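First up is the structure itself, then whatever we jot down about it.
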Amino acid sequence: MRLRDKHGRYITDLRVSITDRCNYRCVYCRTGNQGAQYSELPLSDYLRMVRIMVGLGIEKVRLTGGEPLLRSGVVDFVRDVAMLRSLDGHKLDIAITTNGHLLADMVEPLKRAGLRRATVSMDAVDPEKFARITRVPKGYDAVLAGIRAARRAGLDPVKVNCVLLRGFNEDQIVEFARFSREEGVVVRFIEFMPLSSSCRWKKTAYGRPRLWSPWTRSWRSSTSSVPYASCPTPPARRRAATPSMTARAKLELSRRFRILFAGTVRASA
Ligand code: SF4
């Protein structure tokens, strides 16, 4: 039996949060504000669940957290997951979403264990803004080193996810465009998902973050000075592609240089 959603589409992707802990304290994040709320299962239990889900048609496994690289034994866990085979007998597509802080030292063993892709959460390409959002000093250099090490190790693609917060980092769009081209990574601007009471912002010493969305503000004007491209995906194509796409608009000049705008809750409301 293969898992299907209510539209009859096969479910092939599984996200596994192997820890709720994080070494960053991002201003918009529950974990960043309240710390870990959930205990961790032994990795052998996660592996058992992944094995069961693979038996139901899962082909892609993404490790997340918290910060998954904080979990001791993560390399062995990736190796164990990589031993599994899909229902069609293929190797699994194993990815990780990480804040990148520990990636530089861990990416080689992770790649050897079977990791194929990485998505790095990164909300600014300006070290000071980065520290203001993560509330951890000097993290930017570590994350940049992690992204470069991931590319050197051969992870493909390496993606960067940026949560845009009005008043915090909306001025980073053009800088991220440059970063995407210079570092050879795919940048995705994602909308903050106000799924819990944590979306009721309290004003802090860092100010009050506000949501930024391509749907509530003209992102064309924000990107009008991008020297590389000025042609969003045409609306008709966007509509046609919507049911299976996370990103709702994109600038794409080459396979490597892509900037994606991903609407989440409000875009699908
Ligand atoms: S890196 Fe991710 S999990 Fe950690 S505090 Fe920031 S948003 Fe939350």
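The values are calculated or read from the model by the stated rules, or taken from the named source; none is laboratory data. Quantities reported herein were computed from a predicted structural model and do not represent experimental measurements. Virtual Cβ from ideal backbone geometry, glycine too; neighbours counted across all protein chains shown.
The set of residues in region 20-67 being farther than 30 Å from Gly167 by Cα, in a loop (DSSP other than H, G, I, E, B) and of a type outside the set (A, V, I, L, M) consists of Tyr38, Ser39, Glu40, Pro42, Gly55, Gly57, Glu59.
What number of residues within region 33-51 satisfy the criterion of being within 16 Å of the ligand (Cβ to nearest atom) and over 30 Å from Ala131 (Cα atoms)? Steps first, please.
Of all residues in region 33-51, those within 16 Å of the ligand (Cβ to nearest atom) come to 33-38, 40.
Now drop any that are not over 30 Å from Ala131 (Cα atoms), which leaves none.
Qualifying residue count, region 33-51: 0.
Table: residues versus (1) more than 23 Å from Ala124 (Cβ to Cβ); (2) in the same structural domain as Ile133 (by TED's automatic domain parsing); (3) more than 16 Å from the ligand (Cβ to nearest atom).
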residue	(1), (2), (3)
Arg2	yes, yes, yes
Asp5	yes, yes, yes
Thr19	yes, yes, no
Thr31	no, yes, no
Leu69	no, yes, no
Thr98	no, yes, no
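When we screen Val136, Val107 for residues that are more than 16 Å from the ligand (Cβ to nearest atom) and not in a strand (DSSP E or B), the only hit is Val107.
Somewhere in region 134-142, is a residue surrounded by 22 or more Cβ atoms within 10 Å (Cβ to Cβ) and of a type in the set (A, V, I, L, M)?
Residues of region 134-142 surrounded by 22 or more Cβ atoms within 10 Å (Cβ to Cβ): 134.
Checking the rest, the ones that are also of a type in the set (A, V, I, L, M) come to none.
No, every residue in region 134-142 fails to be surrounded by 22 or more Cβ atoms within 10 Å (Cβ to Cβ) and of a type in the set (A, V, I, L, M).
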